[in-house]
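Here is the structure we will look at, set down as structure tokens.
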Amino acid sequence: MIKSDIIIIGAGPCGLFSVFEAGLLKMRCHLIDSLPQPGGQCSEIYPKKPIYDIPGFPEILAGDLIKNLMKQIAPFNPGFTLGERVEIIKKQSDDSFFVVTNRGTEHSCRVIVIAAGLGCFEPRKPMVENLSFFEDKGVDYIIKDPFKFKGKKVVVSGGGDSALDWAIYLADGIASQVTLVHRRDSFRGHVESVEKIHKMSNSGKINLITNAEVQALKGADKLTSLTIKAEKNNFSIETDYWVPLFGLTPKLGPIANWGLNLNKNAIEVNTYDYSTNIEGIYAIGDINTYPGKLKLILSGFHESALMCQSAFKYIFPNGKKSFKYTTVLGGIEGF
Amino acid sequence: MEKILINIIDQNGEKHVLETNLDSGLNLMEVVRDEGFQMGNCGGMALCASCHCYIQNSHDINKKSKAEEDMLNQLHNSNLESRLICQIPIKKELNGVVLILVDD
Ligand SMILES: Cc1cc2nc3c(=O)[nH]c(=O)nc-3n(C[C@H](O)[C@H](O)[C@H](O)COP(=O)(O)OP(=O)(O)OC[C@H]3O[C@@H](n4cnc5c(N)ncnc54)[C@H](O)[C@@H]3O)c2cc1C
Ligand code: FES
């Protein structure tokens, strides 16, 4: 059981910044995100796009903003559970919360902060018969630990950056055989990655199959082969794993079952402190709604600061904390 | 003010008809989203595919950019009728267009 003062559901920019604001008040945070990396939309959808409305940064790449936030919160040593979706939230008799992820990881905390953005990033699943049967039995939609593919035969499907990057990475001394299957013959990934894929295909390091799709999965109790539908013929290929990487899309998911007041897939909050209808649960960033809400990173940062003040009073009803600027004590070490 | 009609068939097969001004300067995704349909996660940059629709009747609409084409190629459920409707500006020729919203 992982114990913390605050569990933050969602490691997007607003969830990350909450660690800082909570840290100034000496509250320890643990972040949980269904993505294998922190950064939410900034990392998943537009890491290489510049943002122009972060105060103090005339221009900053979304990916760099996340790197900076990670650096800013590092001194507070937050815990991370990545690649797992929060499934269950239960209030205990002592008013603490019990939180369980889809992988069964158990957490307990005093306060929950939902910074879940547009919802849980879930993989787009291809329409192939028996797909769900083979999930975790040879079919993986996100790669959390690439070394699980050590010495194995892997088929990757997709034409975007993550399909290209993982195919290149796994073919470089990890998997025993890597096949990349794509529906077209042009790719969406970065030019350098596309060039590398073609080079590796020419040198026989990657088996590249274009204008083709995986049509069927076979295996008794785990995946052993795939049927590929190509332009001219169908053929079968032996494999230990199939990793379809068709991008991720946010879905509200389990949040709908937690008894929170929702309005069009967003959580209603009190703008005094961004608290929800359940005492001890707050919602900040893109996931919340209130009159005048703007889905901007800077709004989420502001919400996070006010929320932490209220969370402190909730966790430590007798605790005294006078408001201080970070400059006054010569940096965060003084807090 | 000149208006056009847009037909929508949602993920449950239900039909909706929207009326929109021609001089709004909006794209199709913005018009559909403003009616309460969930889409537009990337704000209309062909980066998220939340606005993926099938357009069956052949309307005189703009051609796909490379970015749109590449994003559509990455989806497992795209076909020749697929468009990212954030890439289609509102114009007269769209009057009567039928958009079939795609389930992700
Ligand atoms: C293309 C694009 C351009 C943008 N440009 C700008 C801009 O210029 N300026 C600006 O201010 N904003 C911009 N935005 C919006 C900005 O990115 C969002 O406002 C911001 O990411 C919201 O942050 P967040 O922390 O609330 O949520 P998100 O970044 O959405 O992160 C939420 C995280 O929560 C996780 N999650 C949800 N539910 C669960 C669960 N049950 N269990 C585990 N994890 C869960 C998700 O997987 C996700 O990683 C842009 C967005 C896009 C897509
Ligand atoms: S709104 Fe993101 S692709 Fe159209």
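The values are calculated or read from the model by the stated rules, or taken from the named source; none is laboratory data. No experiment lies behind these values; they were computed from the predicted model shown. Heads up, the Cβs are rebuilt from the backbone with ideal geometry, glycines too, and the neighbour counts pull from every protein chain shown. Note: areas computed on protein heavy atoms with side chains; ligands, DNA, RNA excluded. Shrake-Rupley method; radii C 1.70, N 1.55, O 1.52, S 1.80 Å.
Which residues in the stretch A:210-226 have a backbone N closer than 16 Å to a point placed 7 Å from the Cα of A:S132 along the Cα-to-Cβ line? Label zone hits: none. Annotation: the stretch A:125-244 has a Kirkwood hydrodynamic radius of 14.2 angstrom, from the mean reciprocal C-alpha pair distance. The accessible area of A:H198, taken with all protein chains in place and a 1.4 Å probe, comes to roughly 80 Å².
For the stretch B:90-104, the residues whose amide N sits under 19 Å from a probe point set 7 Å from the Cα of B:D34 along the beta carbon direction are B:90-99. For the stretch A:8-62, GluC sites (Glu not before Pro) meeting the loop criterion (DSSP other than H, G, I, E, B) and having at most 13 other Cβ atoms within 10 Å: A:E59. Legend: calculated FRET efficiency, A:K90 to A:K49, from the Cβ-Cβ distance at R0 = 35 Å, rounded to 0.05, equals 0.35. Note on chain B: Kirkwood radius taken over Cα pairs, Stokes-Einstein applied at 10 °C and 1.306 mPa s, translational D equal to 117 µm² s⁻¹.
Counting heavy atoms of the protein chains alone, A:K3 has an accessible area of about 150 Å² for a 1.4 Å probe.
Take the accessible area of chain A alone and of chain B alone, subtract that of the pair, and you get about 1900 Å² summed over both chains, using a 1.4 Å probe. Among the trypsin sites (Lys or Arg not before Pro) within the stretch B:38-88, those in coil by DSSP and having at most 16 neighbouring Cβ atoms inside 10 Å are B:K63. Per-residue extension of 0.36 nm, minus the Cα-Cα distance of A:L82 and A:F316, leaves a gain of 81.4 nm for this segment. Between A:I332 and A:K152, the modelled label-to-label distance comes to 3.6 nm, taking each label 7 Å out from Cα in the direction of the beta carbon. Per-residue surface analysis assigns A:M307 an accessible area of about 0 Å², computed on protein heavy atoms at 1.4 Å probe radius.
Take every Cα pair under 8 Å whose residues are at least 6 apart in sequence, average their separation, divide by the length of chain A, and the relative contact order is 19 percent.
Between the stretch A:247-319 and the stretch A:56-72, the C-alpha centres lie 23 angstrom from each other.
Here the label points at B:V17 and A:K26, each 7 Å from Cα along the C-beta direction, are separated by 6.7 nm in the simple model.
The fraction of accessible area contributed by carbon and sulfur in chain A is 51 percent, rounded to a whole number (1.4 Å probe; ligands and nucleic acids excluded). If you wrap the Cα atoms of chain A in a convex hull and average its projected area over all directions, you get 19.7 nm². Here's how it looks for A:F80: its modeled amide H is under 5 Å from those of A:L31, which are all 5 or more places away or on a different chain. Applying a threshold of 29 Å to the alpha-carbon distances of A:K264/B:K66; A:K48/B:K91; B:K66/B:K92; A:K144/A:K321; B:K15/B:K92; B:K15/B:K91 flags A:K264/B:K66; A:K48/B:K91; A:K144/A:K321 as lying beyond it.
Per-residue shielding of B:74-81, expressed as the average number of other chain Cβ atoms within 10 Å of the residue Cβ, stands at 6. One quarter of the convex hull surface built on the alpha carbon atoms of the stretch A:192-273 amounts to 11.1 nm², the projected area averaged over directions.
Only loop residues by DSSP count here, and only those with at most 12 other Cβ atoms within 10 Å; note down the GluC sites (Glu not before Pro) in the stretch A:275-335 that meet that.
When the GluC sites (Glu not before Pro) of the stretch A:275-335 are filtered for loop state and at most 12 Cβ neighbours within 10 Å, A:E279 remain.
Across the stretch A:303-312, coupling constants 3J(HN,Hα) worked out from phi with the 6.51/-1.76/1.60 Karplus curve, θ = phi - 60°, read 4, 5, 5, 5, 4, 5, 4, 5, 4, 4 Hz, and Gly and Pro carry x. Computed from label points 7 Å out along Cα-Cβ, the spacing between B:K66 and A:E279 is 6.0 nm.
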